[in-house]
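Right, one structure below, let's go through it.
None of the figures in this text is laboratory data; all of them are computed from the coordinates on show. Here the structure is a predicted model, which means the values were calculated and not measured. Neighbour counts run over all protein chains shown; Cβ positions are idealised from the backbone, glycine included.
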Amino acid sequence: MATTQPIRNKQQLRAMAEYYLKLGQFRNYVLIVIGIHTALRVSDILCLRWGDVYDFATDRAHVRATVIEHKTGKQKSLALHKKIVAALSLYASHHPPEKPEDFVFVSRRKSRAIGRVQAYRIVRAAAEALKIGRISCHSLRKTFGYHAWKSGISPAVIMEIYNHSNFAVTRRYLGVTQDDKDAVYLGLHLTE
């Protein structure tokens with residue numbers, strides 16, 4: 001079984017984020033935006049309820065969310081990127097949430113969230129339409145770390161965000177290629 005890779009190209013990443021927005025499918029748009037900007041596992045994203053990300057008293061998206069990770073059982077507090085806040089606000093304006101306990105990524109049955117398979121189909125359909133390549137829900141999580149690392153964020157901080165117990169796992173997530181290593185060799189000017 002081949003492993004999925006992060007989306008390295010920023011133009012492809014932008015196109016992926018906007019694919020469902022252009023189609024007016026706001027739930028799917030929010031799924032991809034949250035996946036790209038939080039490094040959460042898809043299982044944790046799908047369990048989000050409106051009360052986790054939306055303030056019903058002020059009718060606005062929160063700027064911070066707290067999630068209990070299913071895999072680790074650890075509580076994770078994260079700042080919500082302005083793209084997430086805007087996406088949630090847009091989604092809520094078209095499909096107003098009714099109760100804080102309602103799922104953000106509600107299925108057609110309305111009483112439960114979409115499943116992992118449906119989330120995969122959503123991500124995969126966008127990737128296929130855009131001819132991005134082998135992309136899955138986990139690719140969104142990896143994309144966050146790859147671009148954080150490329151922008152200069154310490155791998156130790158990324159490891160902490162991912163809640164990985166050792167750096168070897170984080171290193172695999174970052175998807176370091178030979179081109180990335182060559183850029184370091186060629187980019188350092190140590191004796192000039």
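How large is the charge dipole for the chain, taken about the Cα centre, if only the Cβ atoms of Lys, Arg (+1) and Asp, Glu (-1) carry charge, to the nearest 20 debye? Dipole size: approximately 580 debye.
The residues neighbouring residue 90, those whose beta-carbon lies less than 14 Å from its own, together hold a net charge of +3 under the Lys/Arg +1, Asp/Glu -1 convention. The residue 69 and residue 186 beta-carbon pair, evaluated with R₀ = 41 Å, returns a calculated FRET efficiency of approximately 0.60. With contacts taken as Cα pairs under 8 Å at a separation of at least 6 residues, the chain carries a relative contact order of 28 percent.
Test of understanding: given the chain, find the longest segment containing no trypsin sites (Lys or Arg not before Pro) that are in a DSSP loop and have at most 13 other Cβ atoms within 10 Å. So the longest stretch without any such site is 1-70. Placing R0 at 30 angstrom, the Cβ-Cβ distance between residue 179 and residue 128 gives a FRET efficiency of 0.75 after rounding to 0.05.
Name the residues of the range 47-82 whose amide N is less than 14 Å from a point 7 angstrom out from the Cα of residue 101 along the C-beta direction? Answer for this model: 49-52.
Candidate values [x] 31, 19, 16; [y] 28, 17, 17; [z] 24, 20, 15 were compared with semi-axes √(5λ) of the Cα gyration tensor in Å computed on the shown model; the agreeing label is [x]. Return, ordered by residue number, the residues of the range 21-36 whose backbone nitrogen is under 11 Å from a label point located 7 Å along Cα→Cβ of residue 109. From the range 21-36, the list is empty. Based on DSSP H segments of at least four residues, each scored -39500 (n - 2.57), the chain has a per-residue ellipticity at 222 nm of -16000 deg cm²/dmol.
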